[in-house]
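**Student:** Right, I'll just put the structure down here and ask away after.
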Amino acid sequence: MINRMRRVRAALPWVLVGVLSSATVMLTLLPAAWITPLLARATQGHVNLADPSGSLWHGSATLMLAAGHDTRNATLLPGRIEWRTAFWPLLTGHVRMRMWQTEAMPDAVMLEAQVRGATLSAGAMAVPASLLTGLGAPFNTLDLQGDVRLSWTAWRSIGQKAFGQLVVTLNEMSSRVSRVKPLGSYRVVLQVEGAGATLDLSTLKGALILDGHGTLRAGATSFQGTASAAPEARENLAGLLNLLGRSTGPNSVALTFVR
């Protein structure tokens with residue numbers, strides 16, 4: 001009996017080494033697809049990773065923007081999101097990943113995730129305006145062209161709740177449905193607080209003047225705003241204004257969206 005216990009104690013360190021080695025190999029070989037739901041969950045389905053390749057340890061995917069969890073009309077950003085994952089945190093069930101975009105993101109961001117939630121560090125990136133069509137109305141109708149910059153604060157996801165701010169700056173926008181080029185420059189601020197969010201639209205400059213405020217909650221989305229034309233562009237923007245909303249006067253329309 002004593003000899004048997006001694007043999008067990010002698011073999012125990014090697015058993016532990018074998019178990020840890022096997023776990024390490026399994027973790028490093030996990031496919032890249034294992035991490036793609038993390039970003040989608042943290043951003044309520046608006047930002048996704050598509051076509052993943054490689055592994056959790058070292059991989060890449062295409063960045064996709066969508067109007068929500070329905071990705072049928074989503075758009076893809078040229079280039080690839082690439083990532084490197086820290087090894088030691090994986091042993092405790094903690095994903096710590098450095099990410100960057102090969103063509104649009106000048107500085108890398110950090111994604112940290114556990115079972116209970118995830119955090120994406122603050123960052124910024126430039127994207128083509130055509131990418132915004134994946135977010136749905138009104139971008140898919142206007143087919144915008146111009147320079148778009150996305151910037152965000154640290155983004156936290158806890159269960160089904162998210163917290164963070166996304167600012168979209170649209171510079172020198174033009175549209176296939178208007179002869180006025182450019183229409184103007186605008187700012188959209190999405191503030192997410194738990195299960196709800198607010199959306200604010202304002203005009204920085206331009207012939208087409210847009211402003212409004214909206215709220216987003218599970219199962220209910222609403223936006224109320226106005227669109228009007230600068231005096232010198234009223235005639236040329238009349239058709240676009242009629243397309244955007246219901247007339248509230250000779251030079252303005254109501255921007256209303258309820259779902």
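The values are calculated or read from the model by the stated rules, or taken from the named source; none is laboratory data. Only a predicted model underlies this, so the values are computations on that prediction, with no experimental measurement involved. Because the Cβ atoms are built from the backbone with ideal geometry, glycine has one as well, and the counts that use them run over all protein chains shown.
**Student:** Scan the range 147-179 for residues that are among the hydroxyl-bearing types (Ser, Thr, Tyr), part of a strand (DSSP E or B) and free of Cβ contacts under 8 Å to residues at least 40 places away in the same chain and jot them down. Step through it out loud before you land on a result.
**Tutor:** Initial filter on the range 147-179 (among the hydroxyl-bearing types (Ser, Thr, Tyr)): 151, 153, 157, 169, 174-175, 178.
Restricting the remaining residues to those that are part of a strand (DSSP E or B) gives 151, 157, 169, 174-175.
Answer for the range 147-179, where residues must be among the hydroxyl-bearing types (Ser, Thr, Tyr), part of a strand (DSSP E or B) and free of Cβ contacts under 8 Å to residues at least 40 places away in the same chain: Ser151, Thr169, Ser174.
**Student:** Please go through the range 49-73 and give me each residue that is farther than 26 Å from Trp88 by Cα and modelled with pLDDT of 75 or more, ordered by number. I'd like the intermediate steps shown before the answer.
**Tutor:** Step one: of the range 49-73, the residues farther than 26 Å from Trp88 by Cα are 50-51, 62-73.
Answer for the range 49-73, where residues must be farther than 26 Å from Trp88 by Cα and modelled with pLDDT of 75 or more: Ala50, Asp51, Thr62, Leu63, Met64.
**Student:** Quick check on Thr256: is it surrounded by fewer than 18 Cβ atoms within 10 Å (Cβ to Cβ) and free of Cβ contacts under 8 Å to residues at least 60 places away in the same chain?
**Tutor:** Values: surrounded by fewer than 18 Cβ atoms within 10 Å (Cβ to Cβ): yes; free of Cβ contacts under 8 Å to residues at least 60 places away in the same chain: yes.
So Thr256 fits the description; yes.
**Student:** Does the range 212-239 hold any residues that are of a type outside the set (S, T, N, Q) and either in contact with a strand residue (DSSP E or B) (Cβ under 7 Å, 6 or more places away or on another chain) or at pLDDT 90 or above (or both), and which are they? Spell out the reasoning first.
**Tutor:** Applying the first criterion (of a type outside the set (S, T, N, Q)) to the range 212-239 yields 212-214, 216-220, 223, 225, 227, 229-235, 237-239.
Within the range 212-239, Gly212, His213, Gly214, Leu216, Arg217, Phe223, Gly225, Ala227, Ala229, Ala230, Leu237 qualify.
**Student:** Now for a different question. Does at least one position in the range 84-105 carry a residue that is among the hydroxyl-bearing types (Ser, Thr, Tyr), surrounded by 14 or more Cβ atoms within 10 Å (Cβ to Cβ), modelled with pLDDT of 75 or more and over 18 Å from the mean Cα position of the chain (by Cα)?
**Tutor:** Taking the range 84-105 first, the residues among the hydroxyl-bearing types (Ser, Thr, Tyr) are 85, 92, 102.
Keeping just the survivors that are surrounded by 14 or more Cβ atoms within 10 Å (Cβ to Cβ) gives 85.
After this cut, where a residue has to be modelled with pLDDT of 75 or more as well, the list is 85.
Of the ones still in play, those that are also over 18 Å from the mean Cα position of the chain (by Cα) are 85.
Within the range 84-105, one or more residues are among the hydroxyl-bearing types (Ser, Thr, Tyr), surrounded by 14 or more Cβ atoms within 10 Å (Cβ to Cβ), modelled with pLDDT of 75 or more and over 18 Å from the mean Cα position of the chain (by Cα).
**Student:** Could you list, in sequence order, the residues of the range 182-195 that are surrounded by fewer than 14 Cβ atoms within 10 Å (Cβ to Cβ) and within 15 Å of Phe223 (Cβ to Cβ)?
**Tutor:** Pass one, the range 182-195, residues surrounded by fewer than 14 Cβ atoms within 10 Å (Cβ to Cβ): 193-195.
Scanning the range 182-195 gives no hits.
**Student:** What number of residues within the range 181-239 are of a type in the set (Asp, Glu), free of Cβ contacts under 8 Å to residues at least 12 places away in the same chain and under 20 Å from Asn171 (Cβ atoms)?
**Tutor:** Filtering the range 181-239 for residues of a type in the set (Asp, Glu) gives 193, 200, 211, 232, 235.
Subset that is free of Cβ contacts under 8 Å to residues at least 12 places away in the same chain: 235.
Then drop every residue that is not under 20 Å from Asn171 (Cβ atoms), which leaves none.
Result for the range 181-239: 0.
**Student:** Go through the residues of the range 212-222 one by one and say whether even a single one is surrounded by fewer than 17 Cβ atoms within 10 Å (Cβ to Cβ), among the small types (Gly, Ala, Ser) and in contact with a Ser or Thr (Cβ under 6 Å, 6 or more places away or on another chain). Give the derivation first.
**Tutor:** Our first condition is that a residue be surrounded by fewer than 17 Cβ atoms within 10 Å (Cβ to Cβ); within the range 212-222, this holds for 213, 215, 217-222.
Keeping just the survivors that are among the small types (Gly, Ala, Ser) gives 218-220, 222.
Restricting the remaining residues to those that are in contact with a Ser or Thr (Cβ under 6 Å, 6 or more places away or on another chain) gives 222.
Taking every residue of the range 212-222 in turn, at least one turns out to be surrounded by fewer than 17 Cβ atoms within 10 Å (Cβ to Cβ), among the small types (Gly, Ala, Ser) and in contact with a Ser or Thr (Cβ under 6 Å, 6 or more places away or on another chain).
**Student:** Looking only at the range 142-170, which residues are surrounded by fewer than 18 Cβ atoms within 10 Å (Cβ to Cβ), within 13 Å of the chain's Cα centre (by Cα) and within 17 Å of Pro128 (Cα to Cα)? Steps first, answer last, please.
**Tutor:** As a first pass, look at the range 142-170 and keep what is surrounded by fewer than 18 Cβ atoms within 10 Å (Cβ to Cβ): 143, 145, 147, 149, 151, 153-154, 156, 158-161, 165, 167, 169.
Now restrict to residues that are within 13 Å of the chain's Cα centre (by Cα): 149, 151, 153-154, 156, 165, 167.
If the condition is that a residue be surrounded by fewer than 18 Cβ atoms within 10 Å (Cβ to Cβ), within 13 Å of the chain's Cα centre (by Cα) and within 17 Å of Pro128 (Cα to Cα), then Arg149, Ser151, Val167 are the ones that fit.
**Student:** Are any residues in the range 116-146 assigned to a loop (DSSP other than H, G, I, E, B), farther than 22 Å from Gln224 by Cβ and either at pLDDT below 90 or in contact with a helix residue (DSSP H, G or I) (Cβ under 6 Å, 6 or more places away or on another chain) (or both), and if so, which ones?
**Tutor:** Keep residues of the range 116-146 that are assigned to a loop (DSSP other than H, G, I, E, B), which gives 116, 121-122, 136-138, 143.
Narrowing the set further to residues that are farther than 22 Å from Gln224 by Cβ leaves 116, 121-122, 143.
Hits for the range 116-146 are Arg116, Asp143.
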